[in-house]
Amino acid sequence: MYRAIEERVRAAIGAHIEKAYGQAVSVGVERPPKLAMGELATPVCFELAKRLKRAPRLIAQEIAGSIGAIEGVARVEVAGGGYLNLYLDRASFFRSVAEAGGLEAAKAAPDAPKVIVEHTNINPNKAAHIGHLRNAALGDTFVRLLRHSGRRVEVQNYIDNTGVQVADVVVGYQHLEKKSPAEVQALAAEPQFDYLCWDLYARVTQWFEEEKTRLAFRTETLKAIEEGRGTAAEIAVVVGEAIVRCHLRTMERLGVEYDVLPRESEILHLKFWEHAFGMLKEKGAIQLAASGKNAGCWIMPLGESDAAADEDPNAAKIIVRSDGTVTYVGKDIAYQLWKFGLLGLDFRYARFSKRRDGGDVWASTSGAGEPDAPQFGHGSEVYNVIDSRQAYLQHVVVAGLRALGHQEQANHSTHFSYEMVALSPRAAQEMGYTLSPDEERRAYVEMSGRRGLGVKADDLIDELEEATSAEVAERHPQLTAEEQERIAHAIAIGALRYFLLKFTRNSLISFDFKDALSFEGETGPYCQYAVVRARNIVRKVEEQGGRAPGTIPAAGEWLAAPGGDDLWELVLLAGSLGSAVTGAVGAQEPAILAKYAFQLAQAFNNFYHKHHILSEEDAGKRAFLLLLVQAVEKQLVTALDLLGIEAPERM
């Protein structure tokens, strides 16, 4: 509603200025800091004044007196040195909010340009941790926002099943555990195989540190995995597939799902990399280093300004190591080319698992593939959700596209970056980790998979559900155990997802159990409880034999300033979900929507304590308040759904 009026105001003022002054201008609008100044304001007269060499206030007075009616706007006034302040028609706005209910999602045309969002991307060598959950929650929420905005989106979860981390676990099973592929396969059938690998990965790291010559095992194993030969490759296949299934189960608990799992093994085995390597050599985008510490490596020459962006630019721009193995960034260039349909090759696909909606999750395969597989890739835009520490490598990938002449695709390659999740010293100590005196004094302790230092995702979700279950059982003993469990799960995931999303992407999260488990203040459960309160009001009205009116009452008398300002603030906020969604998509910042949801919940709770609908004697006002409650509930449910948070019926 608010966003629609914004667009209407921009168009009307822009058209009026062009007609009256012969000037084409971009009309920016903003929300004034106080209701007394209106609901919209534009500084456009200041820009126009520069062009016309006239006082901006005089121009503003002319426009205010001559622009005529704008649908949804009650009046236009001049403020300050030349602002145009616009006051909305409050009754009309409320009618629109009440009629619309929740914000309708736009529908993407089947042939609309495709947006590819790649997120999660956990190395399949150990259990997922809290840092991985931030990636998944950000990526999944951005996908929901894009789809709600009418974009056709494909969700990819890249599986690096031939990398160093997998190689280290394979070394562990071969040289520490002395396991055969069959024995590893038996272990992989255990429900917490990812936890076993978590511990083994930390042990292997320690084993390497005790004797540096043992690193030769890593190099040999990595090459064997990349070439798909021998026992090491067999174990890697078992480990990679089993851990991915563990990760998918973890992410399903969080409400995160995917369309396709492109695997690094196929980038190598289907010759994606060889093809991309040839393209890069042919264009002169990479060159063989003949001397220096990079001798024998294929590197991508980059400008000084690019190199300065990284602490170790020489390592970052290596595409192929001197031993012939391909770096992550090299394979990712091939992958990025495929995403845009520029490689000239395609994966073959097989069904890997099922989503909750019954749809298929597909994975790339070195086999024949299934003939009815959808077409993946061929995106017009690509968002790679990867933490900010990978910024330079992502820059190299884009530089590779540019070097191959794909400027448009490079311009539409976005690194959707975010800061890492660390542990508060208290959280690390609660988990039993011994910290040095220096670490105890720090604001946070960085997680490390190699040290085994981190909060496993499933452990965190289990703890959240356990903390919630007892409260739900106490409040609702009449419910079945299954119903109590479902509510507890919804609250736990609401708490976790909101905690991960409320921080802006460039904010480092210092994870603390006490903060994450809190249900007070700016939290997911606070927002969920506002929905429950709204539903309880409607239910009690219906129990008393009442219902929402069939026609929307004229609300002008209850919304009129100044007495109705508190109600108007809630109406205005309820009608501003579209602006929040647009802002979150435009800024690529889900925290904008999270903040909106909290503000709406907070405003509703204030309303709840001040206005007693069930005891309101004025039938007209009672009907108006009930419609407002229903409108807030629908908007808040929609906002939470876009955040991946379910609004339970009870709490």
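Residues in the stretch 539-569 that are free of Cβ contacts under 8 Å to residues at least 24 places away in the same chain and acidic (Asp, Glu): Glu542, Glu543, Glu557.
Output the qualifying pairs, or none if there are none: Cβ atoms under 6 angstrom, residues six or more apart or on different chains, first residue in the stretch 570-591 and not assigned by TED's automatic domain parsing to the domain that holds Glu6 and of a type in the set (A, V, I, L, M), second residue part of a loop (DSSP other than H, G, I, E, B) and modelled with pLDDT under 95. From the stretch 570-591, the pairs are Leu577/Leu103. No other residue among Leu88, Leu146, Leu138, Leu84 is touching a Pro at 6+ places or on another chain (Cβ under 7 Å), more than 22 Å from Phe352 (Cα to Cα) and of a type in the set (A, V, I, L, M) apart from Leu138. Give the residue that is nearest to Phe519 (Cα to Cα), with candidates limited to residues of the stretch 449-475 that are under 23 Å from the mean Cα position of the chain (by Cα) and free of Cβ contacts under 8 Å to residues at least 40 places away in the same chain. Looking at the filtered set, the residue picked out is Glu465. Within the stretch 366-375, identify whether any single residue is in contact with a helix residue (DSSP H, G or I) (Cβ under 8 Å, 6 or more places away or on another chain) and modelled with pLDDT of 95 or more, and answer yes or no. Among the residues of the stretch 366-375, not one is in contact with a helix residue (DSSP H, G or I) (Cβ under 8 Å, 6 or more places away or on another chain) and modelled with pLDDT of 95 or more, which makes the answer no. With respect to (1) among the hydrophobic types (A, V, I, L, M, F, W, C); (2) buried (at least 22 other Cβ atoms within 10 Å of the Cβ); (3) over 22 Å from Leu460 (Cβ atoms), the lone exception for Ala127 is condition (3). From the list Gly240, Gly278, the lone residue that is part of a helix (DSSP H, G or I) and surrounded by fewer than 18 Cβ atoms within 10 Å (Cβ to Cβ) is Gly278.
Rundown of residues vs (1) of a type in the set (S, T, N, Q); (2) modelled with pLDDT under 95; (3) closer than 27 Å to Ile122 by Cβ; (4) over 33 Å from the mean Cα position of the chain (by Cα), yes/no style:
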| position | (1), (2), (3), (4) |
| --- | --- |
| Val239 | no, no, yes, no |
| Val244 | no, no, yes, no |
| Phe272 | no, yes, yes, no |
| Ala290 | no, yes, no, yes |
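The helices (runs of 4 or more DSSP H) located wholly in the stretch 373-486 that include 2 or more residues which are of a type in the set (A, V, I, L, M) and surrounded by 15 or more Cβ atoms within 10 Å (Cβ to Cβ) occupy 391-403, 425-430, 457-475. Just wondering, is there one or more residues in the stretch 573-588 that are assigned to a loop (DSSP other than H, G, I, E, B), within 30 Å of Val256 (Cα to Cα) and of a type in the set (Ser, Thr, Tyr)? Within the stretch 573-588, one or more residues are assigned to a loop (DSSP other than H, G, I, E, B), within 30 Å of Val256 (Cα to Cα) and of a type in the set (Ser, Thr, Tyr). The set of residues from the stretch 571-604 being more than 19 Å from Glu104 (Cβ to Cβ) and crowded, with 23+ Cβ neighbours inside 10 Å comprises Pro590, Ala594, Ala601, Phe604. Listed by position, the helices (runs of 4 or more DSSP H) enclosed by the stretch 114-195 that each have at least 3 residues that are under 13 Å from the mean Cα position of the chain (by Cα) and not assigned by TED's automatic domain parsing to the domain that holds Thr250 are 130-148. Could we say that Glu99 is surrounded by fewer than 24 Cβ atoms within 10 Å (Cβ to Cβ) and over 23 Å from the mean Cα position of the chain (by Cα) here? Yes; evaluated as a whole, the condition is true for this residue. Here Gly521 meets each of (1) closer than 24 Å to Ala428 by Cβ; (2) in contact (Cβ under 8 Å) with a residue 12 or more places away in the chain; (3) not in a helix (DSSP H, G or I) with one exception, condition (2).
The values are calculated or read from the model by the stated rules, or taken from the named source; none is laboratory data. What you are looking at is a predicted structure, and each value in this text was computed from that prediction instead of being measured. All Cβ positions, even for glycine, are placed from backbone atoms using ideal geometry, and neighbour counts span all protein chains on display.
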